[in-house]
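Data block below; observations after.
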Amino acid sequence: MSRLKRSFFKKNTLTVARNLLGCVLCRKIGNTVFRGIIVETEAYTQDEPSCHAFKGLTPRCEVMFREGGHLYVYFTYGMHHCMNVVTEKEGRGCAVLIRALEPLGFEGTNGPARLCKALNITKELNGIDLTSEDSPVWIERGKKPAEIVETTRIGIKLAADYPWRFYIKDNAWVSRK
């Protein structure tokens, strides 16, 4: 399969969130490459208050203001990492949270913290370029899902009514139906 190019990520955040479904997230650890099909995403843009970039550029969310195709990893609740794919053009703070994967040969990926734990995605990977040939994390083209469900996001208080969560209908690995 081929890695996604930067042009894939530089589109509208909601479009990227939908288009990531069915793609394959790859994580190289040592000589082993772990793969999982992206089955659930959530979109976040600097225009809405639940986004880390809503109040502007800060050290925490600096990566979100890079051009699409970078990895934004943050630590939450003092114990969990979550991974996001930066979208749109440089200077605009937008990203897509990867919420769940259908694992291809490994376990524990339904939920953003579990998938980061299973793939050893930590703050050390914050800011890497997903489109680089030597990146330890990348995304490959996959199979377009037959049906996508659009619903409200999970675990936020502000802008919780935005229907910016997407998942593959009837997929067993989705974190919450």
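Residue pairs whose Cβ atoms lie under 7 Å apart, separated by 6 or more positions or on different chains, with the first residue in the stretch 108-129 and under 11 Å from residue 83 (Cβ atoms) and open to solvent by less than 30 Å² (accessible area, probe 1.4 Å) and the second modelled with pLDDT of 90 or more and of a type in the set (Gly, Ala, Ser), are 115/100.
Within the stretch 70-107, the set of residues being small (Gly, Ala, Ser) and surrounded by fewer than 21 Cβ atoms within 10 Å (Cβ to Cβ) comprises 78, 91, 105. Of all the numbered requirements in (1) in contact (Cβ under 8 Å) with a residue 12 or more places away in the chain; (2) open to solvent by 10 Å² or more (accessible area, probe 1.4 Å); (3) of a type outside the set (A, V, I, L, M, F, W, C); (4) more than 24 Å from residue 2 (Cβ to Cβ), residue 67 misses one, and that requirement is (4).
Scanning the stretch 37-54 for residues that are of a type in the set (Ser, Thr, Tyr) and under 12 Å from the mean Cα position of the chain (by Cα), which turns out most open to solvent (accessible area, probe 1.4 Å)? Spell out how you get there, then give the answer.
Kept after step one, since they are of a type in the set (Ser, Thr, Tyr), are these residues of the stretch 37-54: 41, 44-45, 50.
Now drop any that are not under 12 Å from the mean Cα position of the chain (by Cα), which leaves 41, 44.
On the way: 41: 0, 44: 26 Å².
Looking at the filtered set, the residue picked out is 44.
Which of the residues that make up the stretch 159-177 are open to solvent by 50 Å² or more (accessible area, probe 1.4 Å) and of a type in the set (A, V, I, L, M)? Listed by number, the list holds a single entry, 172. Is it the case that some residue within the stretch 120-143 is out of contact with any Cys (no Cβ under 7 Å at 6 or more places or on another chain), polar (S, T, N, Q), assigned to a loop (DSSP other than H, G, I, E, B) and more than 25 Å from residue 6 (Cα to Cα)? No, because not a single residue in the stretch 120-143 is out of contact with any Cys (no Cβ under 7 Å at 6 or more places or on another chain), polar (S, T, N, Q), assigned to a loop (DSSP other than H, G, I, E, B) and more than 25 Å from residue 6 (Cα to Cα). Could you list, in sequence order, all residues of the stretch 60-87 that are outside any strand (DSSP E or B) and either among the aromatic types (Phe, Trp, Tyr) or in contact with a Ser or Thr (Cβ under 6 Å, 6 or more places away or on another chain) (or both)? 65, 68, 69, 77, 87 - these are the residues of the stretch 60-87 that are outside any strand (DSSP E or B) and either among the aromatic types (Phe, Trp, Tyr) or in contact with a Ser or Thr (Cβ under 6 Å, 6 or more places away or on another chain) (or both). From the list 25, 14, 57, the one residue that fits, being of a type in the set (A, V, I, L, M, F, W, C), open to solvent by 20 Å² or more (accessible area, probe 1.4 Å) and either more than 15 Å from residue 91 (Cα to Cα) or not in a loop (DSSP other than H, G, I, E, B) (or both), is 14. The single condition among (1) touching a strand residue (DSSP E or B) at 6+ places or on another chain (Cβ under 8 Å); (2) touching a residue at least 60 places away in the same chain (Cβ under 8 Å); (3) not small (Gly, Ala, Ser) that residue 49 does not meet is (1). For residue 43, the stated conditions do not hold, so it cannot be described as touching a helix residue (DSSP H, G or I) at 6+ places or on another chain (Cβ under 6 Å), under 24 Å from residue 75 (Cα atoms) and assigned to a loop (DSSP other than H, G, I, E, B).
Evaluate the stretch 72-84: report whether one residue or more is within 22 Å of residue 165 (Cβ to Cβ), in contact (Cβ under 8 Å) with a residue 60 or more places away in the chain, touching a Lys or Arg at 6+ places or on another chain (Cβ under 8 Å) and not small (Gly, Ala, Ser). No, the conditions are met nowhere in the stretch 72-84.
The values are calculated or read from the model by the stated rules, or taken from the named source; none is laboratory data. From a predicted model like this one, the values you see are computed outputs, not experimental measurements. Cβ sites come from the backbone with ideal geometry, for glycine too, and all protein chains shown count toward neighbours. Ligands, DNA and RNA are excluded from the accessible area calculation, which covers all protein heavy atoms including side chains. Shrake-Rupley method; radii C 1.70, N 1.55, O 1.52, S 1.80 Å.
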